[in-house]
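Have a look at the structure below before the remarks.
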Amino acid sequence: MDCTGNSSESGSVVGNASSVENGVFDGDGRCFKQISPQRGGGSRNTSPVSRSGSRNTSPSRQKVVKTKPRGLDEETLATFCKAVHADVQMEDNIWAMLPEDLLHEILARVPPFHILRLRSVCKRWNSLLQDISFLKFHSSVPSHGPCLLSFWKNSQTPQCSVFSLPLKTWYRIPFAFLPQWAFWLVGSSGGLVCFSGQDGLTFKTLVCNPLTQAWRTLPSMHYNHQRQLIMVVDRLDRSFKVIATTDIFGDKSLPTEVYDSKTDSWSVHQIMPAVNLCSSKMAYCDSKLYLETLSPLGLMMYRLDTGQWEHIPAKFPRSLLDGYLVAGTRKRLFLVGRIGLYSTLQGMRIWELDHAKTMWVEISRMPPKYFRALLRLSAERFECFGQDNLICFTSWNQGKGLLFDVDKKIWSWIGGGALQSYNNQVCFYEPKFDASIY
């Protein structure tokens, strides 16, 4: 369903630039302003000498006028901004003659959500997303950092908000272009987001680019059942694949199917060997897909290049209550779970798989204060997902998330109204204008 309410199987809807205000926008054109608390200004000179007319020329006493860019909070101000004097004038005749390639080079380094807001400046900037030269510049610069995408439905209307970790800011993205059957958030990779759902008796899958709002429905699988899915993007050849494993209700007779965007078709591969799955959560790293199994104990690994399954006898840590597989960078595979008993003291730990020894090695523990704040009840459920050595925890009864940086060993809270919905689905997301749905 597109923004006008018409039903279609694919589409591309670029939001109106005039509906963007302060980095937050929705599909109705309504504006949402970012509000951050005032933390006090610069130091005030109360010396009688200064009040009598004498000018204090001490460098430590000079008054510096700071301007806060729209869309940045106070914490971001110290990192991304410098002091700007009030008497600095921008010469229109000079900046209007800026060469096209230099303009693209500058704008390519602007955070993606701010580029959407800048499109209202002029017609030239409004056509940026259709400019191949600009998209080439934007794809060549380093990523602006990971984001969290939160998706939920409010009165059957799709809602989406994205939290920028570098900017510490929530942005509202219009998702009214999605059809009504798109209910389950499969995941995100390379700037694309994948959804699945039941359209009557038919199980469907779609991919979309939230920034450009381009989307399309994938062809039907050979065995059309509600399946466990995961999407992976190959940035080198600009293609993506969707892997469909077992039936979500436990039917182990279905073969593994893989969709390839280069051929726009599904291919049938080996049936997963008879195992008892420990969890429906999957992790993909180093061209391999991993699932937890109880019998036989360990992991099932699917090689995307050969289309074959094999068992890895990596025993789980003792007293593990529930575990989630999380993919890190390159070959790193993490296991996150609670240790203890439901009636006794618990704790959250993180392990990394030693591929050579096929064993889990503990690398970190969640501090007790974070564990108690995240899970107030011993039997409370939590969700866990990761990207690029970042692991995010969310709890069903909490209105905030907990982020852990594996490399820096830093824990931090993520707040915001987008995490307070009881039915929200969250994943990591990397915004890219040039991510193609074909």
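One table, with the values for the structure above:
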quantity: Residue match in segment 169-177 (condition: in a loop (DSSP other than H, G, I, E, B), open to solvent by 10 Å² or more (accessible area, probe 1.4 Å), closer than 30 Å to L402 by Cα and in contact with a helix residue (DSSP H, G or I) (Cβ under 6 Å, 6 or more places away or on another chain)); calculated: no
quantity: Pick from segment 147-168, criterion assigned to a loop (DSSP other than H, G, I, E, B) and at negative phi, ranking: least open to solvent (accessible area, probe 1.4 Å); calculated: L167
quantity: Members of segment 391-406 that are open to solvent by 30 Å² or more (accessible area, probe 1.4 Å) and either among the aromatic types (F, W, Y) or not assigned by the TED database to the domain that holds T169 (or both); calculated: W396
quantity: Residues (of a type in the set (A, V, I, L, M, F, W, C) and more than 21 Å from A435 (Cα to Cα)) located in segment 150-183; calculated: W152, L167, W170, W181, F183
quantity: Residues located in segment 210-224, provided they are assigned to a loop (DSSP other than H, G, I, E, B) and surrounded by 15 or more Cβ atoms within 10 Å (Cβ to Cβ); calculated: P210, L211, T212, Q213, L218, M221, Y223
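Residues checked against (1) at pLDDT below 85; (2) touching a strand residue (DSSP E or B) at 6+ places or on another chain (Cβ under 7 Å); (3) among the acidic types (D, E):
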residue	(1), (2), (3)
C122	yes, no, no
K136	yes, no, no
S139	yes, no, no
L167	no, no, no
W170	no, yes, no
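The values are calculated or read from the model by the stated rules, or taken from the named source; none is laboratory data. Keep in mind that what you see is a predicted model, and the values were worked out from it rather than measured. Cβ atoms come from the backbone with ideal geometry, glycine included; neighbour counts cover every protein chain shown. Heavy atoms of the whole protein, side chains included, go into the accessibility calculation; ligands, DNA and RNA do not. Shrake-Rupley method; radii C 1.70, N 1.55, O 1.52, S 1.80 Å.
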